[in-house]
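Read the structure below first, then the notes.
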Amino acid sequence: RAAIRYRRNADKSLAVSLNTEHAAHAIGGNMDHEHTATYDLQPHLVLTPEQWHERLSDEEYYVLREAGTEAPFVGEYTDTTTEGVYRCRACGAELFRSTQKFHSSCGWPSFYAPLAEDRVRYLNDESLPGRPRTEVRCAQCDSHLGHVFAGEGFDTPTDLRYCINSICLDLVPTDETT
């Protein structure tokens, strides 16, 4: 079973630890023998709220910039099987590949790993009393994407479920990326 643990380093980077070698290898990142990866927490694209409002619809802004959640089972990519790369809708950063997507029946697109571990960052989310979660954000622009859950027993290489809001993503089909 996989478990996610994270801590903030003195340099404000985030150390993410996974408790299984298989999960650490599948996710990638610069892992040492303790399966810990360190990532820069500083976003590369910083805009004012007004600039984000100009780029995003009201619904996109709510989810991406205010950490909202779209309704389950209504997202554009919940059930799609199109091959391609999923990009951050706010900044265009490549985040996930369709080859890491799986059906979890949770109501949102699910992935077992990001494209590369440096594409996302993690925050402790205690917004639901008694139910701590791990928030997933785009490392490029710091937009909220969803949450990652460990140890749910899905038959994936990592035993992780990245539960990502469709509205946060743009799918570029494989035939358009070549």
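The values are calculated or read from the model by the stated rules, or taken from the named source; none is laboratory data. Just so it is clear, the model here is predicted, and its values are computed rather than measured. Cβ coordinates were reconstructed from backbone atoms using ideal geometry, including for glycine residues, and neighbour counts include every protein chain displayed. Please note that ligands, DNA and RNA were not included when accessible areas were found on the heavy atoms of the full protein model with its side chains. Shrake-Rupley method; radii C 1.70, N 1.55, O 1.52, S 1.80 Å.
Some notes on this structure:
- Test result for V172, under 23 Å from E76 (Cβ atoms), surrounded by fewer than 19 Cβ atoms within 10 Å (Cβ to Cβ) and aliphatic (A, V, I, L, M): yes
- Taken as a whole, the condition of being closer than 24 Å to T48 by Cα, modelled with pLDDT under 95 and of a type in the set (A, V, I, L, M, F, W, C) does not apply to A116.
- Residue in segment 123-133 that is surrounded by 19 or more Cβ atoms within 10 Å (Cβ to Cβ) and not in a strand (DSSP E or B) present: no
- Hits in segment 56-68 (condition: touching a strand residue (DSSP E or B) at 6+ places or on another chain (Cβ under 9 Å) and either open to solvent by 30 Å² or more (accessible area, probe 1.4 Å) or not hydrophobic (A, V, I, L, M, F, W, C) (or both)): R65, E66, A67, G68
- For segment 101-119, a residue qualifies if it is touching a residue at least 40 places away in the same chain (Cβ under 8 Å) and either part of a loop (DSSP other than H, G, I, E, B) or of a type in the set (A, V, I, L, M, F, W, C) (or both), and the qualifying residues are F102, S104, C106, W108, P109, F111, Y112, A113, P114, A116.
- The one condition in (1) open to solvent by less than 50 Å² (accessible area, probe 1.4 Å); (2) of a type in the set (G, A, S); (3) out of contact with any helix residue (DSSP H, G or I) (no Cβ under 9 Å at 6 or more places or on another chain); (4) farther than 25 Å from D155 by Cα that A71 fails to fulfil: (1)
- Residue within segment 158-172 that is modelled with pLDDT under 95 and part of a loop (DSSP other than H, G, I, E, B) present: yes
- Of the residues making up segment 78-100, those that are under 20 Å from L56 (Cα atoms) and not in a strand (DSSP E or B) are R89, A90, C91, G92, A93.
- If you go through segment 134-157 and pick out every residue that is farther than 15 Å from G92 by Cα and in a loop (DSSP other than H, G, I, E, B), you end up with 7.
- Residues in segment 77-88 that are closer than 15 Å to G146 by Cα and open to solvent by 50 Å² or more (accessible area, probe 1.4 Å): R87 alone.
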